[in-house]
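K.L.:
First the structure, which I've put down as structure tokens, then a few questions once you've had a look.
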Amino acid sequence: MWLVVGGDSEIGGATCALLRALGRTVLATTRRPDARTGDRVPLDLADDLTRWEPPAGVEAACICAAFARLADCAADPVASERVNVSGTLALAERLMARGIHVLFLSTNQVFDGRTPHVPADAPTAPVSEYGRQKARTEAALRALASQGAPAAILRLAKVISPRTALLRDWTAALAAGKPIRAFHDMTMAPAPIDTVARAIDALLADRASGVFQLTGPRDVAYAEVGRFLAERLHADKALVTSVSVADAGLPKGVAPPHTTLDSSALRERYGIAATNAWETLDAVLAAGAPSR
């Protein structure tokens, strides 16, 4: 049996759905009292976990839960560190001490984004509070793994699905003939959520160790994405207003020049790779975005 920590998240929910479709027995954790059911168990990474025990029969766990918004981490580094570093490590150590394989989901934000396709073994160089927290957790897990602890890391950048709020809002607005604002100096290399879920499944099934990465093969600007969506929805591209991150008051590190990571290990070992941005976006549109 596998445990998905953070089953209410976009990635966690999609991963649970895919694993169950593959015939896996899966439990998910939740912080929501109203969501606790037979396949949902209570867990809050901000709590004291010294007495928390994983459900009997769990053999592997994927930690999806995180304080993930850069602005929130910058605004409250103490609360976000409690979840992203100390809480996550406390949970991982309890799981690994019981022989449970742990897969930790990390981020391209552990790098500064100055170069594309960063190798998995490159030194971390975060510039955001979120990136620094994730890098600290990575370092601790890598140290434990070097001593034989059953752990792996999967770094992701932008993951998209029909549930992604930005794309949902943009497609709804464009389909209704309403304008959107998109950054010309913020990029993404999106990976489809189903591909991410397949990568998680492969790494858990293999009890893999080491650091793996998964992003799309090329960065595209958010403004390019907006114009692509307008074209696909037969909307006027003039509805897409190009704006700058510099004018938005966003936290440091929110717009690295590059978000791509070297994803060759997943491709070579498991045959898993993200499609290019336009194929990925087309799949999202086909799966549930509005049309005109």
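K.L.:
Output the residues belonging to the stretch 151-168 that are over 15 Å from Asp282 (Cα atoms) and modelled with pLDDT of 95 or more.
P.N.:
Listed by number, the residues that qualify are Ala151, Ala152, Ile153, Leu154, Arg155, Leu156, Ala157, Lys158.
K.L.:
If you check Leu144 against the conditions, is it under 21 Å from Asp206 (Cα atoms), out of contact with any His (no Cβ under 7 Å at 6 or more places or on another chain) and in a helix (DSSP H, G or I)?
P.N.:
Numbers: under 21 Å from Asp206 (Cα atoms): yes; out of contact with any His (no Cβ under 7 Å at 6 or more places or on another chain): yes; in a helix (DSSP H, G or I): yes.
So Leu144 fits the description; yes.
K.L.:
Sticking with this one: Let me spell it out: the conditions are (1) within 26 Å of Gly7 (Cβ to Cβ); (2) surrounded by fewer than 18 Cβ atoms within 10 Å (Cβ to Cβ); (3) among the basic types (Lys, Arg); (4) out of contact with any Asp or Glu (no Cβ under 8 Å at 6 or more places or on another chain), and Arg163 meets all of them except one. Which number is the exception?
P.N.:
Tallying (1) within 26 Å of Gly7 (Cβ to Cβ); (2) surrounded by fewer than 18 Cβ atoms within 10 Å (Cβ to Cβ); (3) among the basic types (Lys, Arg); (4) out of contact with any Asp or Glu (no Cβ under 8 Å at 6 or more places or on another chain), Arg163 fails exactly one: (4).
K.L.:
Considering only helices (runs of 4 or more DSSP H) fully contained in the stretch 194-292, which possess at least 1 residues that are out of contact with any Cys (no Cβ under 7 Å at 6 or more places or on another chain) and farther than 30 Å from Ala60 by Cα?
P.N.:
Values: elements: 222-232, 264-270, 277-286.
So the answer is 222-232, 277-286.
K.L.:
If you go through the stretch 102-143 one residue at a time, how many are over 23 Å from Asp185 (Cα atoms) and in contact with a Cys (Cβ under 7 Å, 6 or more places away or on another chain)?
P.N.:
Qualifying residue count for the region: 3.
K.L.:
May I ask you to verify whether Ala97 is within 21 Å of Ala149 (Cα to Cα) and surrounded by fewer than 23 Cβ atoms within 10 Å (Cβ to Cβ)? So that I can check it myself, show each step before the final result.
P.N.:
On the way: within 21 Å of Ala149 (Cα to Cα): yes; surrounded by fewer than 23 Cβ atoms within 10 Å (Cβ to Cβ): yes.
Yes: the conditions hold for Ala97.
K.L.:
Applying the selection to the stretch 236-281, what residues are under 18 Å from Arg69 (Cα atoms) and surrounded by 15 or more Cβ atoms within 10 Å (Cβ to Cβ)?
P.N.:
The answer is Leu250, Pro251, Gly253, Val254, Ala255, Pro256, Thr259.
K.L.:
Please enumerate the residues belonging to the stretch 64-102 that are closer than 22 Å to Glu53 by Cα, among the aliphatic types (A, V, I, L, M) and in contact (Cβ under 8 Å) with a residue 40 or more places away in the chain.
P.N.:
Those that are closer than 22 Å to Glu53 by Cα, among the aliphatic types (A, V, I, L, M) and in contact (Cβ under 8 Å) with a residue 40 or more places away in the chain: Ala65, Ala66, Val85, Leu89, Ala90, Leu91, Ala92, Leu95, Met96, Ile100, Val102.
K.L.:
Residue by residue through the stretch 75-103, note down the ones that are aliphatic (A, V, I, L, M) and farther than 24 Å from Gln213 by Cβ. Let's see the steps before the verdict.
P.N.:
Going residue by residue through the stretch 75-103, those that are aliphatic (A, V, I, L, M) are 75, 78-79, 83, 85, 89-92, 95-97, 100, 102-103.
Those that are aliphatic (A, V, I, L, M) and farther than 24 Å from Gln213 by Cβ: Ala75, Val78, Ala79, Ala90, Ala97.
K.L.:
With respect to Ala199, is the statement that it is buried (at least 21 other Cβ atoms within 10 Å of the Cβ) and among the aliphatic types (A, V, I, L, M) true? Lay out the reasoning, then the answer.
P.N.:
Working: buried (at least 21 other Cβ atoms within 10 Å of the Cβ): yes; among the aliphatic types (A, V, I, L, M): yes.
So Ala199 fits the description; yes.
K.L.:
Mind checking which residues of the stretch 214-224 are crowded, with 23+ Cβ neighbours inside 10 Å and in contact with a helix residue (DSSP H, G or I) (Cβ under 7 Å, 6 or more places away or on another chain)? Even if it seems obvious, please write down each step before you answer.
P.N.:
Let us first name the residues in the stretch 214-224 that are crowded, with 23+ Cβ neighbours inside 10 Å, namely 214-216, 219, 222.
Passing the criteria: Leu214, Thr215, Gly216.
K.L.:
Based on what the data block shows, is Ser146 of a type in the set (S, T, N, Q), at pLDDT below 95 and farther than 22 Å from Gly216 by Cβ? Spell out the reasoning first.
P.N.:
On the way: of a type in the set (S, T, N, Q): yes; at pLDDT below 95: yes; farther than 22 Å from Gly216 by Cβ: yes.
Answer is yes for this residue.
The values are calculated or read from the model by the stated rules, or taken from the named source; none is laboratory data. Quantities reported herein were computed from a predicted structural model and do not represent experimental measurements. Here the Cβ is made from the backbone with ideal geometry for all residues, glycine too, and neighbour counts use every protein chain on show.
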